[in-house]
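No lab work stands behind these numbers, since they all come straight from the coordinates. No experiment lies behind these values; they were computed from the predicted model shown. Cβ placement follows ideal geometry from the backbone for every residue including glycine, while neighbour counts extend to all protein chains displayed.
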Amino acid sequence: MIVVPTSARIIAFTKPVTFQMHVDGLAALVRSVLREDPFSGDWFCFFSIDRSRLKLLVWDRNGFWTLAKRLERGSFQRLDRRRPSVELSREQLVMLLEGFDLETSRLRRNFSRDVHRTARGDDDRSARSSG
């Protein structure tokens with residue numbers, strides 16, 4: 001569970017970014033494109049080109065955090081791209097992360113709630129333990 005401080009704004013960058021970009025590049029985008037302060041304690045949200053990945057950039061008193069989510073199926077909702085950024089409420093961020101459409105409050109098509117994956121080598125271990 002992600003807990004966003006009540007003092008923090010959540011600002012979503014509406015244009016896609018390359019996910020090879022790390023903290024310094026994301027902070028530079030916040031400064032140059034959004035004209036915001038990356039050290040403010042606000043949360044900045046970025047999406048990959050295909051919207052299957054999301055990154056959050058957060059300043060925490062003495063360093064940056066990046067949190068990332070990669071979907072196995074589906075994509076995150078496309079936000080209004082006419083503006084460089086959109087401010088989200090805490091509830092909207094949770095809905096977005098869970099795959100809900102922010103306008104209809106319904107689960108997005110092709111967004112799978114439960115994807116069951118097995119780690120590499122799990123099949124080998126279970127075969128050995130049963131035999």
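Using the number of other C-beta atoms within 10 angstrom as an exposure proxy, rank Val3, Val58 with the fewest first. Provide the component values of the computation, followed by the final result.
Numbers: Val3 6, Val58 20.
Sorted ascending by nearby Cβ count, the order is Val3, Val58.
From the backbone phi of region 26-35, what are the Karplus-calculated ³J(HN,Hα) couplings (6.51 cos²θ - 1.76 cosθ + 1.60, θ = phi - 60°) in whole Hz, Gly and Pro given as x?
5, 4, 5, 4, 4, 5, 7, 8, 7, 6
State, to one decimal in nm², a quarter of the convex hull surface area for the C-alpha atoms of region 15-74, i.e. the direction-averaged projected area. Each step should come with its number before you reach the end.
Working: hull surface 16.0 nm².
The orientation-averaged projected area of the Cα hull of region 15-74 comes to 4.0 nm².
At Ser40 and Trp65, where each label point lies 7 Å from the Cα along Cα→Cβ, what is the point-to-point distance in nanometres?
1.9 nm
Find how many whole Å separate the alpha carbon centroid of region 34-51 from the alpha carbon centroid of region 78-94.
11 Å
What FRET efficiency comes out for Asp80 versus Thr6 if R0 is 30 angstrom and r is the Cβ-Cβ distance? Round to the nearest 0.05. Before the final figure, lay out each step's value.
On the way: r = 25 Å, r/R0 = 0.82.
Working from the Cβ atoms, E equals 0.75.
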